[in-house]
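Contents: one structure, followed by commentary.
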Amino acid sequence: MVSTIQNTDVKQKEADRAVVVAVTSRAVFDCGADDGDEVCEVGVAFPLLQALQRVNERLLEENPSESLLFDVVLITSDSQQQQQSSRIISNTRHHGLEISRFCFSSEEDFTESLLKNNVHLFLTTDRDEAAQASQKGVFSALLNGKVASSEQLRVVFCGDAVIRTDTEPPSASQDAAQSFWAQLGEMRRRFGMLDSPLSLVLLTSRGGRESCGTALQTLRSRGVNMDEAYSLAGAPQSPILSLLRPHFLLINHLQD
Amino acid sequence: MSQNNGDTLTARGPDLTSISNRAPWEDARMKLKPSTPTRKPKPPKPENAITIGVSARVLFNMEKEQQIYEQQGLEDYIKYQMEHETQPFSPGPAFSFVKALEAVNTQLRELYPDSEELFDVVLMTNNHAYVGLRLINTINHHQLFIERFCMTGGNSPIGYLKAYHTNLYLSSDPDKVREALEEGIAAATMFTQEKITEVSDTQLRVAFDGDAVLFSDESERIYKAHGLDKFFEHEKAHENKPLDHGPLKCFLEALGKLQKKFYGKGQRMDCPIRTYLVTARSAASSGTRALKTLRSWGLEIDEALFLAGAPKGPMLEKIRPHIFFDDQMFHVEGAAEIGTVACHVPYGISQAMPKKGINDKETSSAPK
């Protein structure tokens, strides 16, 4: 059973133009069992939502009638969280988060709510959830466990698998990934080189400069220009990732 | 582990006369060229390697582009770079040093095929990834073995230097160099030089000034405060007390580690790495303390040249190092005049009172 509640405090986005990002509510609010306290702790995804909001604000500053905006949907699939649904909604208001819709479903059919809401990117801290959504063709990514501190929305794309060349037809989730990237690319183009509220970062772990170069070219051919690029060529990822401070990491192998 | 074409592989330096014009995305493996291994070796793990971080502007000549950036701003700069994407940059001041490092690597791989104790050159640039393709094309064009890079899009590269366990950082931006020094990373500022003399392609030669480069600036302070006589007195009195280490000491140490690997295979006399101390100290007096200090650190230097205050140019002309480190711009400029690639270590008391010399007009916000 899937139900959707619209947030009347927030202007709903244009369905066919917005970039719909779904986030699991447990990553946004950590509502403990203690009912005494109305205000929940914020979760790892909280700074991300703030960053997404900032991008929207800047997009509207550039063009008040902009329709290519982030449309954030909160997914609640475990029953414990569902009991807290009113707190989730009230905390959203309390923190002034720009969440358009709240979706409630059971654990088994949360993917249905993703599909119903035309989700372009699903973010969760749960690897299994991400895999499940991926299987249904929804582009998914894992949230960065460490809370990112930058104001700027930093999206890191692990480009090693970006070149699944056109020898095989792309899977549904690869299509979803590509279209998400194209949308981000278009959004990024709304801003200049400096002082952008969003930064697109390419990271290639294996392979050398050729892999990174090919990834840069491939992405560019799809209208996505990277701000930063890092070629690790086998060097350990984690020191670099902790410097990059991504809000989320897009890794292709979740798709296959 | 790399595979070498035993008989055709030359361990000598790069063949700079045969730069070919290949399309950017062609495979870098060159089966036809005898001096290149048929399979590209894997880069070593950063903790095992001696990592040299170089900025784009010292590896390549980007003067024209730098001018566009300074006069017309970032957007025009990026536009220009993208329009000239397939046009490789010509070599910059660090180029011959990097080529020499690669030549040493080739020889090390021959002697120790399984070892990761090699030089690893990482491109550390402030540039946006828009310039990335042109930089990659240029690396391909010049057949450099650079597989790792950080294009930070305007953010500071210092954190990345640490993440890569960088042993030496070379940049045209003195602010970044100072930041690196403050983080304990050996670093020096490089400048574009009009004249670069030919250097050996069989032996990497690295020359260091002593005070405030290999050693701390403690003695220099005494000289500046109390004059030459007091300096001599002090050095004689403290002859047996080792000087404190300076910012480039650990790099000398890293070179020494690689030298020992060559000695281990019987290559002491014609070691492919040679180090020099070129100091204004004099052999008769103040030089002793310098040598004793090195010995106390367990470090060797192949040649110690005590100039007793004489200009360093003629000596450098004889040595022909691939790179020379000095803390005083006066000496750096003097070296550059005779065609030695010289870099400035902005450390110590000399920075407070620069001697006469034209300071480079770099702006710290420029992409590197």
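Details
- B:V206, sole failed condition from (1) in a helix (DSSP H, G or I); (2) open to solvent by less than 10 Å² (accessible area, probe 1.4 Å): (1)
- Among the residues making up the range B:118-168, those that are among the hydroxyl-bearing types (S, T, Y), more than 9 Å from every other protein chain (Cβ to nearest Cβ) and open to solvent by less than 10 Å² (accessible area, probe 1.4 Å) are B:T125, B:T138.
- Whenever a residue of the range B:321-340 is under 14 Å from B:Q351 (Cβ atoms), its partners that are part of a loop (DSSP other than H, G, I, E, B) and open to solvent by less than 30 Å² (accessible area, probe 1.4 Å), lying with C-beta atoms within less than 6 angstrom and at least six residues away or across chains, give the pairs B:D326/B:D209; B:D327/B:A212; B:D327/B:V213; B:D327/B:V345; B:D327/B:G348; B:H331/B:K312.
- Filtered residues of the range A:207-229 (kept if within 10 Å of chain B (Cβ to nearest Cβ) and either over 15 Å from B:L133 (Cβ atoms) or open to solvent by 30 Å² or more (accessible area, probe 1.4 Å) (or both)): A:G207, A:E210, A:S211, A:T214, A:Q217, A:R220, A:N225
- Given (1) assigned to a helix (DSSP H, G or I); (2) more than 15 Å from the chain's Cα centre (by Cα), index of the condition B:E102 fails: (2)
- Looking across the range B:139-190, the residues that are in contact with a helix residue (DSSP H, G or I) (Cβ under 7 Å, 6 or more places away or on another chain) and closer than 17 Å to B:G348 by Cβ come down to B:E179, B:A180, B:E183, B:I185, B:A186, B:A187, B:A188, B:T189.
- B:R289 satisfies every condition listed in (1) under 23 Å from the mean Cα position of the chain (by Cα); (2) among the charged types (D, E, K, R); (3) surrounded by 15 or more Cβ atoms within 10 Å (Cβ to Cβ) except (1).
The values are calculated or read from the model by the stated rules, or taken from the named source; none is laboratory data. Model, not experiment: these values are computed from the prediction. We place every Cβ from the backbone using ideal geometry, glycine too, and count neighbours over all the protein chains shown. Ligands, DNA and RNA are excluded from the accessible area calculation, which covers all protein heavy atoms including side chains. Shrake-Rupley method; radii C 1.70, N 1.55, O 1.52, S 1.80 Å.
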